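Peer 1: Quick one: the structure is below, and I'll ask about it shortly.
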Amino acid sequence: MKTNNNTIDIYKARTIGCFFLLAFLAYGLGRHFYETGSLTEKCFGAVLIIINSIMVLFIGILFKRTLQQYNPVVGNIYLFTRVFESIALASIILSLIPSFSISNDYGYFLAMLVLGLGSIPMCLTLRKHTISPSWLALWGVTGYAIFSFGFLMELFGRGWSMYLLIPGGLWEITFAIWLITNGGTRRKNGTANNK
């Protein structure tokens, strides 16, 4: 958030950073358990996937508060992106219903495509308003563009996403660590201001 003429603060930066990291863990473990086969493990996996979706939703809600001060449209796009992602990822558990047949991957591919496309304007806003270091924002733009292309190709039957998600995934981890370690406070001259 804009606090004064010399600093820029990201609202609840450490919480957002923790949610980025914990969402990776919850979804990764959740998907693993969900696909193992036993009903107990499927249910445990489903709970973790739902927890991931809740954290993803809160990333959008919390980060919108900062983004809307610089560009309300981008704030709304990013919130929509995270709402769509949370619903699409949670839709995987619909396959627990015997009469409901949908590929577990389809919801994931759509969620990741929308996440990539919707995160590019967010990263451009980070750069334009020096909310984050320039190198980090540019990495995000590039990583999410590559990421999006990989998941678009998945929808056309090309298995490229596994390779093309790496730059965007590493960016999310790096951004999360930056949020946690710097508390999302940055002097306008470009240096971190730890609280």
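Peer 1: Is it the case that some residue within the range 43-61 is closer than 15 Å to Cys123 by Cα and either touching a residue at least 60 places away in the same chain (Cβ under 8 Å) or part of a helix (DSSP H, G or I) (or both)?
Peer 2: Scanning the range 43-61 turns up at least one residue that is closer than 15 Å to Cys123 by Cα and either touching a residue at least 60 places away in the same chain (Cβ under 8 Å) or part of a helix (DSSP H, G or I) (or both).
For (1) surrounded by fewer than 16 Cβ atoms within 10 Å (Cβ to Cβ); (2) free of Cβ contacts under 8 Å to residues at least 40 places away in the same chain, each residue gets a yes or a no:
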| position | (1), (2) |
| --- | --- |
| Thr142 | yes, yes |
| Gly150 | no, yes |
| Met162 | yes, yes |
| Ile166 | yes, yes |
| Glu172 | no, no |
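Peer 1: Name the single residue, out of those in the range 155-166 being among the aromatic types (Phe, Trp, Tyr) and not in a helix (DSSP H, G or I), that is modelled with the lowest pLDDT.
Peer 2: Trp160
Peer 1: Picking from Gly143, Gly118, Gly169, Gly150, which residue would you name as being part of a helix (DSSP H, G or I), at pLDDT 90 or above and either polar (S, T, N, Q) or touching a Gly at 6+ places or on another chain (Cβ under 6 Å) (or both)?
Peer 2: Only one candidate qualifies: Gly143.
Peer 1: Using the structure shown, decide if Gly118 is closer than 30 Å to Thr7 by Cα and either among the small types (Gly, Ala, Ser) or without any contact (Cβ under 8 Å) to a residue 24 or more places away in the chain (or both).
Peer 2: So Gly118 passes the test.
Peer 1: Tell me which residues, restricted to the range 142-185, are closer than 14 Å to Gly118 by Cα and more than 13 Å from the chain's Cα centre (by Cα).
Peer 2: Hits for the range 142-185 are Thr142, Ala145, Ile146, Phe149, Phe151, Leu152.
Peer 1: Let me ask another. Restricting to the range 174-194, what's the tally of residues that are exposed (fewer than 15 other Cβ atoms within 10 Å of the Cβ), closer than 18 Å to Met55 by Cβ and modelled with pLDDT under 90?
Peer 2: Residues flagged as exposed (fewer than 15 other Cβ atoms within 10 Å of the Cβ), closer than 18 Å to Met55 by Cβ and modelled with pLDDT under 90 within the range 174-194 amount to 0.
Peer 1: Report the residue count in the range 21-35 for those that are surrounded by fewer than 20 Cβ atoms within 10 Å (Cβ to Cβ) and either outside any helix (DSSP H, G or I) or under 13 Å from the mean Cα position of the chain (by Cα) (or both).
Peer 2: 5
The values are calculated or read from the model by the stated rules, or taken from the named source; none is laboratory data. Since the model is a prediction, treat every value here as computed from it, not as a measurement. Heads up, the Cβs are rebuilt from the backbone with ideal geometry, glycines too, and the neighbour counts pull from every protein chain shown.
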